[in-house]
Amino acid sequence: MVNFTLGTVDIVIMILYTVAMIVYGLYKGKRESSEDYFLAGRNMMWPVVGISLFAANISSTTLVGLAGDAYSTGISVFNYEWFAVVILIFFSIFFLPFYLSSKVYTMPEFLERRFDVRSRYYFSFTTIIGNVLIETAAPLYIGAVIFEQVFPGVSSWIIILLLAVAAAAYTIPGGLSSVVHTEVIQAILLIIGSIILTFYTLDAVGGWDNVLAAMTKKHEAGILPNAPDDMLSLIRPMNDTAVPWTGLITGVPILGFYFWANNQFMVQRTLSAKNLNHGRWGSLFAGFLKLPVLFIMVLPGAMALAMPEEIFPHLDNPDLVYPALVFNLLPTVLKGLVLAGLLAAMSSSISATLNSASTLITMDFISKIKPDMTSKQLVRAGQLATVVLVVLAALWAPRIKEFDSLFKYLQQVLAYIAPPVVAAFFLGLFWKRANGHGAFYGFVVSALLAILYITNSDAIAQSFQGIIPGWVLVDDQGVHSIHFLHQAFILFLIALMVIIGISLATAPPDQEKIQNFVYTRKVFDEDTASLKGLVWYKNYRILGMILLIITAILVFAWI
């Protein structure tokens with residue numbers, strides 16, 4: 001049985017860290033104007049932008065979810081991580097220049113300028129809901145799961161409340177500047193802690209050769225359902241419940257583009273860059289930081305499968321794998337430091353989402369309802385919105401335990417939200433004929449279809465079985481379902497068809513109005529001219545190509 005106990009030294013380290021982050025966050029806060037509060041004055045350098053993107057992404061949910069999914073299904077979960085590199089390169093080339101040149105505060109605001117206000121309100125509302133359900137509630141849930149083991153006599157509600165208050169303590173007063181600067185410290189601590197845990201995990205199993213031997217032995221004994229070749233491979237069969245190869249090429253890109261290129265709480269960091277080059281370099285730097293995640297966050301979860309039962313007993317709840325490794329393998333002081341890193345990841349995600357969601361509420365709703373509000377009044381409205389969001393996320397967090405695993409919960413929610421958004425952004429950016437009617441009805445139809453599937457998933461999956469049989473899964477109870485990655489792709493195709501069909505059937509948009517929001521050959525030529533004379537390490541295209549080659553080598557090594 002895993003022993004979830006903390007020594008006095010470890011507890012002191014975690015408390016001191018939390019207090020230090022709150023003080024540092026308040027010290028770095030900017031709140032003189034709405035631009036300071038919501039976008040850190042648009043003055044962030046590329047290392048800060050990159051590390052902030054990485055820290056906001058590798059939150060406690062991702063950290064715990066990656067190890068847990070690797071433990072239960074294998075390393076195919078890393079496909080979400082390496083594919084982010086491809087998306088960030090694409091984002092840097094095509095999306096980011098339009099975002100920065102438009103000087104928008106939010107992604108829904110960008111949609112309004114390209115389409116109309118209906119798309120802005122729809123996207124803003126669904127993004128706020130998604131941020132509360134995913135990026136705020138999930139870290140609170142993880143904190144409750146872990147610290148319930150440490151303090152079994154303390155109610156999960158109290159734990160959730162304390163975590164929420166700690167993260168909000170510097171986010172509400174300081175805004176994005178507080179969030180970004182604390183994320184830099186937190187990311188460094190998180191990476192160091194993950195490296196330490198990886199070495200201790202590898203030592204506990206006696207080296208990599210022992211991992212393969214132990215997995216083989218457990219598989220032959222019927223303890224491990226999948227062979228090591230499957231557990232340690234990124235490419236999985238079509239009927240795989242984790243990441244089928246068909247889902248990798250269809251659904252993963254859709255979820256990834258939404259998360260990195262359209263999602264407010266991630267894009268907001270690049271909007272804070274001091275100029276386009278720093279935004280691009282920061283995005284590529286974030287992509288580079290994603291690659292070591294395989295070794296320091298995914299493989300430890302897979303290696304836990306190879307440990308003897310007396311060292312690491314089998315866990316039914318995969319969400320406990322990462323904290324169990326920390327508690328079982330690390331000595332005092334190191335345990336406190338790594339758990340402080342986990343707290344860092346929790347607060348990074350919570351604070352990032354609170355700030356971005358409050359930005360959406362303030363700039364997309366409150367400022368529209370009361371356009372005469374001063375800059376200081378907008379900041380105050382954003383602070384009050386943050387308080388409301390904290391309460392809503394805390395109320396929802398305990399319900400996450402009803403899902404199979406944390407990571408699957410995260411991706412399933414995205415599979416319903418992302419497809420129409422990605423379709424609207426892509427068509428809006430690359431097709432000048434796309435109009436506001438098409439975008440809005442693409443959102444509406446996708447939302448109705450998502451609700452229909454959620455309420456009738458078994459019947460719909462059975463009817464779909466005759467179209468592509470390999471995409472329909474059947475569980476032990478005989479319930480049929482379509483993998484969420486395939487669901488995302490189907491909804492994406494439908495949204496594309498709706499947007500294209502309605503756009504062609506209605507009047508075209510005002511070409512003068514949208515000319516600064518559509519990618520053309522002229523934009524490419526101007527970008528090419530701006531890169532002439534730059535040394536290679538400042539040319540984002542060359543850096544992107546190098547990063548793409550490194551990613552390809554890593555992926556092919558683990559096929």
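The values are calculated or read from the model by the stated rules, or taken from the named source; none is laboratory data. Not measured: the values here are computed from a predicted model. As a convention, Cβ positions derive from the backbone with ideal geometry for all residues, glycine included, and neighbour counts pool all protein chains shown.
The table that follows gives values for the structure above.
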{"quantity": "Test for residue 259: is it of a type in the set (Phe, Trp, Tyr), outside any loop (DSSP other than H, G, I, E, B) and at pLDDT below 85", "calculated": "no"}
{"quantity": "Residues that are touching a helix residue (DSSP H, G or I) at 6+ places or on another chain (Cβ under 7 Å) and polar (S, T, N, Q), drawn from the stretch 517-559", "calculated": "539, 551"}
{"quantity": "When residues of the stretch 284-298 are limited to those that are crowded, with 21+ Cβ neighbours inside 10 Å and of a type outside the set (A, V, I, L, M, F, W, C), the one farthest from residue 548 (Cα to Cα)", "calculated": "290"}
{"quantity": "Some residue of the stretch 138-159 being under 13 Å from the mean Cα position of the chain (by Cα) and surrounded by 23 or more Cβ atoms within 10 Å (Cβ to Cβ)", "calculated": "yes"}
{"quantity": "Entirely in the stretch 296-415, the helices (runs of 4 or more DSSP H) that have 3 or more residues that are modelled with pLDDT under 80", "calculated": "334-360, 375-396"}
{"quantity": "Filter result for residue 549 (within 29 Å of residue 80 (Cα to Cα), surrounded by fewer than 11 Cβ atoms within 10 Å (Cβ to Cβ) and β-branched (Val, Ile, Thr))", "calculated": "yes"}
{"quantity": "Residue that is farthest from the chain's Cα centre (by Cα) [pool: residues in the stretch 211-240 that are assigned to a loop (DSSP other than H, G, I, E, B) and at pLDDT below 85]", "calculated": "221"}
{"quantity": "Selection within the stretch 4-23 - closer than 18 Å to residue 323 by Cβ and either at pLDDT below 70 or of a type in the set (Ser, Thr, Tyr) (or both)", "calculated": "5, 17, 18"}
{"quantity": "Criterion: at pLDDT 90 or above, charged (D, E, K, R) and surrounded by fewer than 21 Cβ atoms within 10 Å (Cβ to Cβ) - qualifying residue of 114, 118", "calculated": "118"}
{"quantity": "Residue in the stretch 49-57 that is in contact with a Phe, Trp or Tyr (Cβ under 6 Å, 6 or more places away or on another chain), under 24 Å from residue 545 (Cα atoms) and among the small types (Gly, Ala, Ser) present", "calculated": "yes"}
{"quantity": "Failed condition for residue 123, given (1) farther than 20 Å from residue 359 by Cβ; (2) touching a Leu at 6+ places or on another chain (Cβ under 6 Å); (3) modelled with pLDDT of 80 or more", "calculated": "(1)"}
{"quantity": "Filter result for the condition that a residue is modelled with pLDDT of 75 or more, of a type outside the set (Ser, Thr, Tyr) and touching a helix residue (DSSP H, G or I) at 6+ places or on another chain (Cβ under 7 Å), over 39, 26, 96", "calculated": "96"}
{"quantity": "Matching entry among 458, 476, 510 (being under 30 Å from residue 92 (Cα atoms) and not basic (Lys, Arg))", "calculated": "510"}
{"quantity": "Residue among 281, 260 that is aromatic (Phe, Trp, Tyr) and touching a Pro at 6+ places or on another chain (Cβ under 9 Å)", "calculated": "281"}
{"quantity": "Helices (runs of 4 or more DSSP H) (entirely within the stretch 491-559) containing at least 1 residues that are of a type in the set (A, V, I, L, M, F, W, C), more than 30 Å from residue 434 (Cβ to Cβ) and in contact (Cβ under 8 Å) with a residue 40 or more places away in the chain", "calculated": "540-557"}
{"quantity": "Criterion: hydroxyl-bearing (Ser, Thr, Tyr) and over 26 Å from residue 441 (Cα atoms) - qualifying residue of 102, 119, 72", "calculated": "72"}
{"quantity": "Hey, residue 421 surrounded by 15 or more Cβ atoms within 10 Å (Cβ to Cβ) and β-branched (Val, Ile, Thr) or not", "calculated": "yes"}
